[in-house]
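Novice: Below is a structure I'd like to ask you about.
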There are 2 protein chains.
Amino acid sequence: MINKRLGILGGGQLGKMTCLAASEIAMSVSIMDHNRDDSPAGNLCTSFVAGDITNYADVMSFGNSVDILSIEIEKVNVKALYDLHEQGKTINPSPGIISLIQDKSLQKSFLIDNNLPTSEFVKVSDKVELMDRFNSGNIKFPFVQKLCKDGYDGRGVLICRKFADMNEAFDAPCIIENLVDIDHELAVIVCRNKFRQTAIYDVVEMVFDPNANLLDFQIAPATLDTFQTLKIQKMAYEIAEAIDLIGILAIELFMTKSGEILVNEMAPRPHNSGHHTIEACQTSQYENFLRSITGLPLGSPETLSSSLLVNLLGSQDYQGPVNYSGVERILSIPNTHLHIYGKPTSKPFRKMGHVNVLNPAKNKEIEYLNEIKSSFKTYK
Amino acid sequence: MINKRLGILGGGQLGKMTCLAASEIAMSVSIMDHNRDDSPAGNLCTSFVAGDITNYADVMSFGNSVDILSIEIEKVNVKALYDLHEQGKTINPSPGIISLIQDKSLQKSFLIDNNLPTSEFVKVSDKVELMDRFNSGNIKFPFVQKLCKDGYDGRGVLICRKFADMNEAFDAPCIIENLVDIDHELAVIVCRNKFRQTAIYDVVEMVFDPNANLLDFQIAPATLDTFQTLKIQKMAYEIAEAIDLIGILAIELFMTKSGEILVNEMAPRPHNSGHHTIEACQTSQYENFLRSITGLPLGSPETLSSSLLVNLLGSQDYQGPVNYSGVERILSIPNTHLHIYGKPTSKPFRKMGHVNVLNPAKNKEIEYLNEIKSSFKTYK
C-alpha cells in the first residue's frame, strides 16, 4: 500500500528510476548502498542508509526499519532475507526466488525441471574439475564458462574456443554450456502481484557490442512473428507461476540460427532491457515493479510506441569526474528522451545513461545510433 | 546546458515534477522555499535552501548560488530578479515577463495593446474607487473583481451579481471585468527557447467545481474544431513572440456561449493544465520547461493519447496529517496514472495529487470521475 515504507537493497540506476516512479506517488523509499554520493538513487530516495547489502547484520537492520523489502540487484545477503521473512517481514520477490537466481546452476536446474528450453549444462566446482572433465571429453570446444555467482554485465563469462582461452578460466563454481549459435538476443519482462494479476511486456531485441560486452542498443518490440512472441510470453507466464513471483522478472533469451528459443538467464528486479518502458509503454517497468511488490493493481504493459534504446557509456579514453558533452546533438534527434544516471565518476564503458528514441524511422536506426554514440562524451 | 546549476524559486508540486524531469537527466536543481518538510520538491532537488522567495535578500543570495534562475510560481521578489539580471545572471523567463504577469492590470493592457482578444476591464485602486465608479454607472452588475496581485487558485477573485456581494469586495488594486458568459474554459501551453524554437501543446478543456473553485477535471485535447485550435495556438505563438519568451507559458482562455475566444490570464511557468503531458504527450511540459530555460533543443509537444485528468483534493471534512486511502480502486481503472504530491498535511480542497486516465472511453468519463472522487480520501 501507498502508505507503507518500502526498502530497496541497492541504489544504482535501477534503484534511481524506481525512486523516481515512487516519487510520483509519494511512496516512501529507503535505499541501502555503500555510499550516498556514488549512488544514483542517493539523492532521490526518502532516506539513504549506508551499508553493505551483502552483510548479514546490515541487511537485518535495514529490513527491520521498513515495511516491505525488495532489491534492485541480486547480490544481497539472502540469509538475512530468509531470517527477516521468518520473522514476518514482507519480502518481494521472495528470498527463495532471489537465492534461486543468485546461483546460475540452480537457475539452470529450475528451467530443466520445469521443461523450459535452455542449453544443456554441466556444473564444475573449480578449475581442476573443469580441466578433468575437459580431458575426459565431457566438455568440448567451443563452450562458455559462467560463474555460478556474482556475474554481472558480462563479467564472470568466458568463451573458450581453443586451449589458450582456458588459461583465463575461473577457479570457482561455474556452469559450462555449449556455445550457442545465436541469431538474436531477446528479453521479456513479466510482473505479477500477490493477487496473481500478471502483466507481460512485449519482447525486445538486444544487440551487443563485442568490444564492451555491454548492451549496446535495443529495439522494442523485437521483430518476431506473433507465434514466437506468444511462445515467449507464455514461457514468461509459466516461469512467474512456477516461482510464485511477487515482483518483476526479466528473462533473457537466445534465438538460435535454427530458430530455437532458449532461456539464457533471469533477473528478479527491474532490468536494463526495460528502460524503454518509461516512455514507450503504458506503464513503466518501474511503476509496475512498485505496484507488484506493494499489492497494488498492475498497470497495462501495452507498447505505445516502438523504440530504439542506446546505452550511453563512459568514454573509452577517459577516467575521472564526469562532464557531459554532445547532449544538444542527441536531443536534436526527433522524439528522443535522454536519461543520465548521475554517476559522479566516468570510467571506460561504464553505463552512464541511455537514450530512448520513440518511433524511429526504419531506415534511420543506424544513423541515429551512430549520431548518439559519436556525440556523447563524458569529459570536456 | 546540462552541466549548469539550475535554481528554481518555489518548491510546490510544479517544482517537484520539474525536479523529477531534471533527475532523469541528472541536472542539478536547487530549490528555494520556506520549509523543506512542507515542500513537495524538498526531497527531490539537489539542494534545498530555506528562504522567502518574496524577500529581496533571500532571492539575491539564492540567485548568486546558481547559473540559471527560474520560477515555479510568479509571486517572487522581482526587484531582485532585475538586479541579478543586471549583474549578468541568466534568468528565464525574464524579469520583465514575470513582472508583467504578476500584475493583472499590466497583463490586460499587454493583451489589448497587442490586439489579443480579452474582455474589457477597468482598473480600480481600492474599494472606495470601486464604489465611486459603481455609483457613477461606470461599473455594472454582473462583474468580476480580481486582485491585481497574488491571486491564486481562485483566491483573489470575487463575482458580484448584486449589491450584497460587494460587501466582500477587495480593498486593494484590482481589475474589474464584465462577467463573461462562459461556455468552456480552455488552456494552451507554449514553450520557447533562446533559439526561438517554439513548441505549442494541444488545447485542453477544463471543468471547474463551483464548490471548491479549483480545477476539477480536464479533458485533453479539447473538443474543438481545427480552426478554433489553430486560432488559439497561433495566439499562443504570437504572445510568446511578443514577450520574447524563454521558458514556458500557460494561457487560460474562455470560450463564450457566442463562440468568442478570450484570453483570461497567463502564467510563465509549468501549469496545472499541463500535468497530463507527463504521460499523454511525446515530451512533458516539465521536460520542455527545463530544455527551454537551459538552451537545449525542445522536444515534440505532440499528443500521444487523449486523457482525462482529475485533481485529488484534500477531504472536505478533514484537516491533519495525510493518510491516503482509495488508491487501489483508482488504479483499477484501466490506463490510470496516479500522482501524489507528498504534502504532509491535508486540508479541505487542498491539491494533494492528480490522476491521469489515458484514452478514457467516451461514455466512461463521468463514471471514472465519480469513481476517483468517491474513492480518494486523505484520512484513514
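A quick yes/no check of all residues on (1) modelled with pLDDT under 95; (2) among the hydroxyl-bearing types (Ser, Thr, Tyr):
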| position | (1), (2) |
| --- | --- |
| B:Gly151 | yes, no |
| B:Gly156 | yes, no |
| B:Phe163 | yes, no |
| B:His184 | yes, no |
| B:Val188 | no, no |
| B:Ala199 | no, no |
| B:Val203 | no, no |
| B:Pro210 | yes, no |
| B:Thr226 | yes, yes |
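Novice: Here is a further query. Would you pick out the residues in the stretch A:194-211 that are in a loop (DSSP other than H, G, I, E, B) and under 19 Å from the mean Cα position of the chain (by Cα)?
Specialist: Within the stretch A:194-211, the subset in a loop (DSSP other than H, G, I, E, B) is A:194-197, A:201-203, A:210-211.
Passing the criteria: A:Tyr201, A:Asp202, A:Val203, A:Pro210.
Novice: So how many residues does the stretch A:216-255 have that are part of a strand (DSSP E or B) and closer than 18 Å to A:Asn288 by Cβ?
Specialist: Let us first name the residues in the stretch A:216-255 that are part of a strand (DSSP E or B), namely A:216-220, A:247-255.
Going one step further and asking which of them are closer than 18 Å to A:Asn288 by Cβ, we end up with A:220, A:247-251.
Here the count works out to 6.
Novice: Answer yes or no as to whether B:Ser258 is in contact (Cβ under 8 Å) with a residue 60 or more places away in the chain and either out of contact with any Gly (no Cβ under 6 Å at 6 or more places or on another chain) or part of a helix (DSSP H, G or I) (or both).
Specialist: Values: in contact (Cβ under 8 Å) with a residue 60 or more places away in the chain: yes; either out of contact with any Gly (no Cβ under 6 Å at 6 or more places or on another chain) or part of a helix (DSSP H, G or I) (or both): yes.
In short, yes.
Novice: Looking at (1) more than 30 Å from A:Asp38 (Cβ to Cβ); (2) at pLDDT below 95, which is the only condition B:Asp52 fails?
Specialist: Unmet for B:Asp52, out of (1) more than 30 Å from A:Asp38 (Cβ to Cβ); (2) at pLDDT below 95: (2).
Novice: Can B:Leu69 be described as assigned to a helix (DSSP H, G or I) and of a type outside the set (Val, Ile, Thr)? Full working, then the answer.
Specialist: Values: assigned to a helix (DSSP H, G or I): no; of a type outside the set (Val, Ile, Thr): yes.
No, not satisfied.
Novice: Being within 29 Å of B:Ser332 (Cβ to Cβ), more than 14 Å from chain B (Cβ to nearest Cβ) and buried (at least 24 other Cβ atoms within 10 Å of the Cβ) is true for just one of A:Ala242, A:Ala220. Which residue is that? Steps first, please.
Specialist: Details: A:Ala242 fails: buried (at least 24 other Cβ atoms within 10 Å of the Cβ).
Result of the check over A:Ala242, A:Ala220: A:Ala220.
Novice: Just checking, which of A:Gly259, A:Gly326, A:Gly342, A:Gly299 is among the small types (Gly, Ala, Ser) and within 19 Å of the chain's Cα centre (by Cα)?
Specialist: Numbers: A:Gly259 fails: within 19 Å of the chain's Cα centre (by Cα); A:Gly326 fails: within 19 Å of the chain's Cα centre (by Cα); A:Gly299 fails: within 19 Å of the chain's Cα centre (by Cα).
That would be A:Gly342, the only listed residue that is among the small types (Gly, Ala, Ser) and within 19 Å of the chain's Cα centre (by Cα).
Novice: Identify, please: which residue in the stretch B:32-49 is out of contact with any Phe, Trp or Tyr (no Cβ under 7 Å at 6 or more places or on another chain) and surrounded by fewer than 17 Cβ atoms within 10 Å (Cβ to Cβ) and is, among those, farthest from the other protein chains (Cβ to nearest Cβ)?
Specialist: Filtering first and then ranking leaves B:His34.
Novice: Need the failing condition index for B:Phe254 against (1) surrounded by 21 or more Cβ atoms within 10 Å (Cβ to Cβ); (2) in contact with a Ser or Thr (Cβ under 9 Å, 6 or more places away or on another chain); (3) aromatic (Phe, Trp, Tyr), just the number.
Specialist: (1)
Novice: Return the residues of the stretch A:313-352 that are of a type outside the set (Ser, Thr, Tyr), crowded, with 18+ Cβ neighbours inside 10 Å, touching a residue at least 60 places away in the same chain (Cβ under 8 Å) and within 11 Å of chain B (Cβ to nearest Cβ); say none if nothing qualifies.
Specialist: A:His339, A:Gly342, A:Lys343
Novice: Tell me yes or no: at least one residue of the stretch A:50-67 is among the hydrophobic types (A, V, I, L, M, F, W, C), crowded, with 20+ Cβ neighbours inside 10 Å and under 24 Å from A:Lys351 (Cα atoms).
Specialist: Filtering the stretch A:50-67 for residues among the hydrophobic types (A, V, I, L, M, F, W, C) gives A:50, A:53, A:57, A:59-60, A:62, A:66.
Within this subset, residues satisfying the condition of being crowded, with 20+ Cβ neighbours inside 10 Å are A:53, A:59, A:62, A:66.
Adding the requirement that they be under 24 Å from A:Lys351 (Cα atoms) leaves A:53.
Yes, that holds for at least one residue.
Novice: What are the residues in the stretch B:288-298 that are in contact with a helix residue (DSSP H, G or I) (Cβ under 6 Å, 6 or more places away or on another chain) and either at positive phi or within 8 Å of chain A (Cβ to nearest Cβ) (or both), if any?
Specialist: Those that are in contact with a helix residue (DSSP H, G or I) (Cβ under 6 Å, 6 or more places away or on another chain) and either at positive phi or within 8 Å of chain A (Cβ to nearest Cβ) (or both): B:Leu296, B:Pro297.
Novice: Then there is this: Going residue by residue through the stretch A:60-68, is there one that turns out to be within 14 Å of chain B (Cβ to nearest Cβ) and among the aliphatic types (A, V, I, L, M)?
Specialist: Checking the stretch A:60-68: not a single residue is within 14 Å of chain B (Cβ to nearest Cβ) and among the aliphatic types (A, V, I, L, M).
Novice: For residues that are assigned to a loop (DSSP other than H, G, I, E, B) and surrounded by 20 or more Cβ atoms within 10 Å (Cβ to Cβ), tally how many sit in the stretch B:86-102.
Specialist: Our first condition is that a residue be assigned to a loop (DSSP other than H, G, I, E, B); within the stretch B:86-102, this holds for B:87-89, B:92-94.
From the residues that got through so far, the ones that are surrounded by 20 or more Cβ atoms within 10 Å (Cβ to Cβ) too are B:92-93.
The number of residues fulfilling the criteria is 2.
Novice: Output the qualifying pairs, or none if there are none: Cβ atoms under 9 angstrom, residues six or more apart or on different chains, first residue in the stretch B:268-283 and within 14 Å of another protein chain (Cβ to nearest Cβ), second residue of a type in the set (Asp, Glu) and in a helix (DSSP H, G or I).
Specialist: Once the first residue is within 14 Å of another protein chain (Cβ to nearest Cβ) and sits in the stretch B:268-283, its partners that are of a type in the set (Asp, Glu) and in a helix (DSSP H, G or I) give B:Thr277/B:Glu287; B:Ile278/A:Glu24; B:Ile278/B:Glu287; B:Gln282/A:Glu279.
Novice: Report, by residue number, each residue of the stretch B:64-87 that is farther than 11 Å from B:Thr54 by Cα and free of Cβ contacts under 8 Å to residues at least 60 places away in the same chain.
Specialist: Filtering the stretch B:64-87 down to residues farther than 11 Å from B:Thr54 by Cα leaves B:64-72, B:82-87.
Answer for the stretch B:64-87, where residues must be farther than 11 Å from B:Thr54 by Cα and free of Cβ contacts under 8 Å to residues at least 60 places away in the same chain: B:Asn64, B:Tyr82, B:Asp83, B:Leu84, B:His85, B:Glu86, B:Gln87.
Novice: Scan the stretch A:99-114 and tell me whether some residue there is in contact with a Pro (Cβ under 7 Å, 6 or more places away or on another chain) and closer than 30 Å to A:Ala280 by Cβ.
Specialist: Checking the stretch A:99-114: at least one residue is in contact with a Pro (Cβ under 7 Å, 6 or more places away or on another chain) and closer than 30 Å to A:Ala280 by Cβ.
Novice: Oh, and also: Can you tell me which residue is nearest to the chain's Cα centre (by Cα) among those in the stretch A:14-31 that are more than 8 Å from chain B (Cβ to nearest Cβ) and not aliphatic (A, V, I, L, M)?
Specialist: A:Gly15
Novice: Let me ask something additional. Go through (1) more than 8 Å from chain A (Cβ to nearest Cβ); (2) closer than 14 Å to B:Phe217 by Cβ and name the single condition B:Lys362 misses.
Specialist: (2) is the only condition that B:Lys362 fails.
Novice: Sticking with this structure for a sec: Give me the pairs: first residue in the stretch A:119-136 and of a type in the set (Lys, Arg), second residue buried (at least 16 other Cβ atoms within 10 Å of the Cβ), beta-carbon distance under 6 Å, and six or more apart or on different chains, which are they?
Specialist: A:Lys123/A:Ser105; A:Lys123/A:Ile175; A:Lys127/A:Ala169; A:Arg133/A:Ile139
Novice: Which residue, of B:Thr303, B:Thr256, is more than 14 Å from chain A (Cβ to nearest Cβ) and hydroxyl-bearing (Ser, Thr, Tyr)? Spell out the reasoning first.
Specialist: Numbers: B:Thr303 fails: more than 14 Å from chain A (Cβ to nearest Cβ).
Selected residue: B:Thr256, the only one of B:Thr303, B:Thr256 that is more than 14 Å from chain A (Cβ to nearest Cβ) and hydroxyl-bearing (Ser, Thr, Tyr).
Novice: Does the stretch B:212-229 contain at least one residue that is without any contact (Cβ under 8 Å) to a residue 12 or more places away in the chain and aliphatic (A, V, I, L, M)? Write out each step before concluding.
Specialist: So the first thing to find is which residues in the stretch B:212-229 are without any contact (Cβ under 8 Å) to a residue 12 or more places away in the chain, and the list is B:225-227.
The next check asks that each one be aliphatic (A, V, I, L, M); those that pass are none.
No, because not a single residue in the stretch B:212-229 is without any contact (Cβ under 8 Å) to a residue 12 or more places away in the chain and aliphatic (A, V, I, L, M).
Novice: Count, please, the residues in the stretch B:136-177 that happen to be out of contact with any helix residue (DSSP H, G or I) (no Cβ under 9 Å at 6 or more places or on another chain) and part of a strand (DSSP E or B).
Specialist: Residues meeting the conditions: 4.
Novice: Name the residue, out of A:Arg192, A:Arg196, that is basic (Lys, Arg) and in contact with a strand residue (DSSP E or B) (Cβ under 6 Å, 6 or more places away or on another chain).
Specialist: Details: A:Arg196 fails: in contact with a strand residue (DSSP E or B) (Cβ under 6 Å, 6 or more places away or on another chain).
Within the list A:Arg192, A:Arg196, the selection yields A:Arg192.
Novice: Next up: When the residues of the stretch B:1-13 are filtered to those that are under 15 Å from the mean Cα position of the chain (by Cα) and more than 13 Å from chain A (Cβ to nearest Cβ), which remaining residue is surrounded by the fewest Cβ atoms within 10 Å (Cβ to Cβ)? Spell out how you get there, then give the answer.
Specialist: We begin by selecting, within the stretch B:1-13, every residue under 15 Å from the mean Cα position of the chain (by Cα); these are B:9-13.
Now narrow it down to the ones that are more than 13 Å from chain A (Cβ to nearest Cβ): B:9-12.
Values: B:Leu9: 30, B:Gly10: 22, B:Gly11: 32, B:Gly12: 18.
The residue in question is B:Gly12.
Novice: Go through the stretch B:141-173 and give me each residue that's touching a Ser or Thr at 6+ places or on another chain (Cβ under 8 Å) and touching a residue at least 60 places away in the same chain (Cβ under 8 Å).
Specialist: B:Pro173, the sole residue that qualifies.
The values are calculated or read from the model by the stated rules, or taken from the named source; none is laboratory data. Owing to the predicted nature of the structure, the values given are computational and were not obtained by experimental measurement. Neighbour counts are summed over all protein chains in view; Cβ atoms, including those assigned to glycine, are modelled from backbone coordinates with ideal geometry.
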